[in-house]
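Engineer: Below is the structure I would like to discuss, written out as structure tokens.
The values are calculated or read from the model by the stated rules, or taken from the named source; none is laboratory data. Note that the structure is a prediction, hence the values are computed from the model and not measured. As a convention, Cβ positions derive from the backbone with ideal geometry for all residues, glycine included, and neighbour counts pool all protein chains shown. Side chains included, ligands, DNA and RNA excluded: accessible areas come from the protein's heavy atoms. Shrake-Rupley method; radii C 1.70, N 1.55, O 1.52, S 1.80 Å.
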Number of protein chains: 2
Amino acid sequence: MTASLSAPLQPIGEHPPPPILAAVPTPSSDPVAVIGASGALGFGLALRLARAGVPVAIGSRDGQRAEEACERARQIVSDGIFSAHENAGAADACDTVILSVPFRNQSETLANLKHALSPGQLLIDATVPLAAAVSGKATRMLGVWQGSAAQQALEMVPDGVRVVSALHTISAASLADLEHPLEQDVLVCGDSRADKQEAAHLIERIDGLRCVDCGKLEMARTTEALTALLISVNARYKIHAGIRLTSLPDRLWE
Amino acid sequence: MTASLSAPLQPIGEHPPPPILAAVPTPSSDPVAVIGASGALGFGLALRLARAGVPVAIGSRDGQRAEEACERARQIVSDGIFSAHENAGAADACDTVILSVPFRNQSETLANLKHALSPGQLLIDATVPLAAAVSGKATRMLGVWQGSAAQQALEMVPDGVRVVSALHTISAASLADLEHPLEQDVLVCGDSRADKQEAAHLIERIDGLRCVDCGKLEMARTTEALTALLISVNARYKIHAGIRLTSLPDRLWE
């Protein structure tokens, strides 16, 4: 990223900043970029984060789609702080970047973000290599040479960008339905405990989500695969299931 | 299997049948074989099933170890119905066979059971291809050519033996500690809904276990991998975690 974090988010296009930005003088936390926020999971995350007081930079490949998603988000979370950007603009504007794109776009998206990402930023990868990316079943996974989509992300980001894997088991539909109590776990993987903790502190601002440290980034191949498993369970039982680990202690992070 | 199911289980060796067999005239269900019951997971399953009134044929590669496990089990579940067998004898004596052996022994064990298993039997495979099988980490998985240990089992059993995959996420320590409330889910995979349901009805006799249909047998590659994930979580938090799926309906099986 090149912009100062303390600078207000700069939305794309000709539109004036939305009045809500003026109405909330001090954001209660640093802004977070959601890359792919016009997609279902990204949009749900943007809503939930904004409702928790996190300013959200809505990123999309297409500026117009970012604007539309931003407008929809504002209608749902009226006191949320949103700004619309093309993906690189969103990533450039925030210390923390959530990558929530279909697997078929992950590699291209990260290549396009190469100059927007810079050392020290935290990338939370939520990509799932479902076979649906190659017109296969959403209950099957693709093998990723690096081991997982998260490890592919780590390979592609500029040196010094910290990568954590999370959020694969949270249903987009449940996130977007703000009345739906989440009450489930987020399985977090990464090679640095501090980075995982930073991601956990952000994610746990969303009501009902508890983050569990599941190990190194290589474990993402299993947490990513849980998406396919949950899609299978959801189809069978007509639900939006989540994951809960049992017998955990009360305190999972410092 | 060749023996009639209505015949009493025939323990190996010279020992007379234990008095407990005489004390319980009518078993409340058909006997179940646990192959590898001298191992930690198999032993815990044997205890829990016996406590639920299921007669258990304790199988081990070594007859003497089966006897010892049987004796230990009787001391813990004094009203349980146990019998000791070499693996083939246990498999031969029961309609339902739980395979609970380390991955390094799965193939050899199934080869040895070839003549003990016969069409119509239900094999519940609990094998996990942990990298520990080749002196690697227990938080890493081996790639199995067929896709999973369960699919390898399906390939190896005689035609007509039905294979269901289950029980990978239940901690052996929690099973063996009969005071420990389980309150967790068992993720069940298999190509036949009826076979999964039959396995679920057996497993759910164990207090606190709920079986969830997770799809076809090929999904076992993910449910098996959850063992490695839980081992990672357990080591970090010094617990014995289990899995619970959220938002499921009350009724999961007919």
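Engineer: Can you give me the number of residues within segment B:225-241 that are more than 7 Å from chain A (Cβ to nearest Cβ) and farther than 21 Å from B:Cys189 by Cβ?
Structural biologist: Counting residues in segment B:225-241 that are more than 7 Å from chain A (Cβ to nearest Cβ) and farther than 21 Å from B:Cys189 by Cβ gives 3.
Engineer: What is the number of the single condition among (1) among the aliphatic types (A, V, I, L, M); (2) within 20 Å of B:Gly208 (Cα to Cα); (3) in contact (Cβ under 8 Å) with a residue 60 or more places away in the chain; (4) surrounded by 24 or more Cβ atoms within 10 Å (Cβ to Cβ) that B:Val56 does not meet?
Structural biologist: (3)
Engineer: Does segment B:226-252 hold any residues that are under 19 Å from B:Asp177 (Cα atoms), assigned to a loop (DSSP other than H, G, I, E, B) and open to solvent by 30 Å² or more (accessible area, probe 1.4 Å), and which are they?
Structural biologist: B:Lys238, B:His240
Engineer: Moving to a separate point now. Considering only residues that are assigned to a loop (DSSP other than H, G, I, E, B) and charged (D, E, K, R), look in segment B:155-196 and name the one that is nearest to B:Val101 (Cα to Cα).
Structural biologist: B:Asp177
Engineer: Across segment B:122-135, which residue is surrounded by the most Cβ atoms within 10 Å (Cβ to Cβ) among those that are within 18 Å of A:Gly147 (Cα to Cα) and within 19 Å of the chain's Cα centre (by Cα)?
Structural biologist: Looking at residues that are within 18 Å of A:Gly147 (Cα to Cα) and within 19 Å of the chain's Cα centre (by Cα), I get B:Pro129.
Engineer: Kindly provide the set of residues from segment B:169-195 that are farther than 19 Å from B:Ala150 by Cβ, more than 10 Å from chain A (Cβ to nearest Cβ) and open to solvent by 20 Å² or more (accessible area, probe 1.4 Å), ordered by number.
Structural biologist: Of everything in segment B:169-195, those that are farther than 19 Å from B:Ala150 by Cβ, more than 10 Å from chain A (Cβ to nearest Cβ) and open to solvent by 20 Å² or more (accessible area, probe 1.4 Å) turn out to be B:Ala173, B:Ala176, B:Asp177, B:Leu178, B:Glu179.
Engineer: Do you know which residues across segment A:39-53 are of a type outside the set (A, V, I, L, M, F, W, C), surrounded by fewer than 23 Cβ atoms within 10 Å (Cβ to Cβ) and over 17 Å from A:His201 (Cα atoms)?
Structural biologist: A:Gly39
Engineer: For segment B:154-182, name all the residues that are closer than 18 Å to B:Cys214 by Cα and either basic (Lys, Arg) or more than 13 Å from the chain's Cα centre (by Cα) (or both).
Structural biologist: B:Leu154, B:Arg162
Engineer: Can you tell me how many residues in segment A:242-254 are in contact with a strand residue (DSSP E or B) (Cβ under 8 Å, 6 or more places away or on another chain) and at the interface with chain B (Cβ under 8 Å from one of its Cβ atoms)?
Structural biologist: Qualifying residue count, segment A:242-254: 8.
Engineer: Of all residues in segment A:68-95, which are outside any loop (DSSP other than H, G, I, E, B), touching a Pro at 6+ places or on another chain (Cβ under 8 Å) and open to solvent by less than 30 Å² (accessible area, probe 1.4 Å)?
Structural biologist: Hits for segment A:68-95 are A:Cys70, A:Phe82, A:Ser83, A:Ala84, A:His85, A:Ala93.
Engineer: Can you report the number of residues in segment A:196-221 which are under 25 Å from B:His180 (Cβ atoms) and within 9 Å of another protein chain (Cβ to nearest Cβ)?
Structural biologist: Number of matching residues: 4.
Engineer: Hey, can you tell me all the residues within segment A:136-161 that are open to solvent by 40 Å² or more (accessible area, probe 1.4 Å) and either modelled with pLDDT under 95 or touching a Pro at 6+ places or on another chain (Cβ under 9 Å) (or both)?
Structural biologist: Correct list: A:Met141, A:Leu142, A:Gly143, A:Asp159, A:Gly160.
Engineer: Something else now. For segment B:197-225, name all the residues that are part of a helix (DSSP H, G or I), acidic (Asp, Glu) and under 16 Å from B:Ala150 (Cα atoms).
Structural biologist: B:Glu218, B:Glu224
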